[in-house]
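Coordinate-derived values only; no laboratory data. Given the structure is predicted, the values throughout are model-derived calculations rather than measurements. We place every Cβ from the backbone using ideal geometry, glycine too, and count neighbours over all the protein chains shown.
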């Protein structure tokens, strides 16, 4: 093979590698963005900030709003939120997906863990980017319960 052809093949290979790497990074970052959104919601809850919680929830009906107000009062705690377990039914979705995320959290050295369900919706895809919407937050469930 001639030298210009080899250089062209190498250049194409590098471009394909970079494109695949960028798509993979975008795909994997959606997991972090979902977890960060849930963490921010839990921090607002631990501060007792119901209005901030409602701003993060996109499909919160009257029952959900009542639960948020109740949770914000009941679960207000001083300290930093620590997520103990996180199980998302939308994890690694390539396209649109909606489902519950079970999250166990606590304030370190304060009280027993709290387990709640967050309804999460992902829209978009790897090529166009995804959007994470937190739709609803449950009241605390049994520590061994499922969503």
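Some observations on this one:
- Angle in degrees between helix 3-47 and the longest Cα principal axis of the chain, rounded to the nearest 10: 0 degrees
- Were the residues from residue 135 through residue 63 laid out at 0.36 nm apart, the gain over their Cα-Cα distance would be 24.7 nm.
- Calculated FRET efficiency, residue 49 to residue 18, Cβ-Cβ distance, R0 = 30 Å: about 0.10 to the nearest 0.05.
- Segment 29-147: relative contact order as a whole-number percent, Cα under 8 Å and 6+ apart: 25 percent
- Spatial separation of Cα centroids for segment 80-146 and segment 15-58, in angstrom: 10 Å
- Debye-sum result for the chain in log10 I(q)/I(0), which assumes one identical scatterer on each alpha carbon, at q = 0.11, 0.12, 0.18 Å⁻¹: -0.49, -0.55, -1.01
- Contour excess over end-to-end distance, with Cα ends at residue 77 and residue 142 and 0.36 nm allotted per residue: 21.5 nm
- In terms of packing, defined here as the mean over residues of other Cβ atoms within 10 angstrom, the peptides 20-26, 70-76, 111-117 line up highest first as 111-117, 70-76, 20-26.
- Residue 126-residue 85 FRET efficiency (beta carbon distance; Förster radius 30 Å; 0.05 resolution): 0.65
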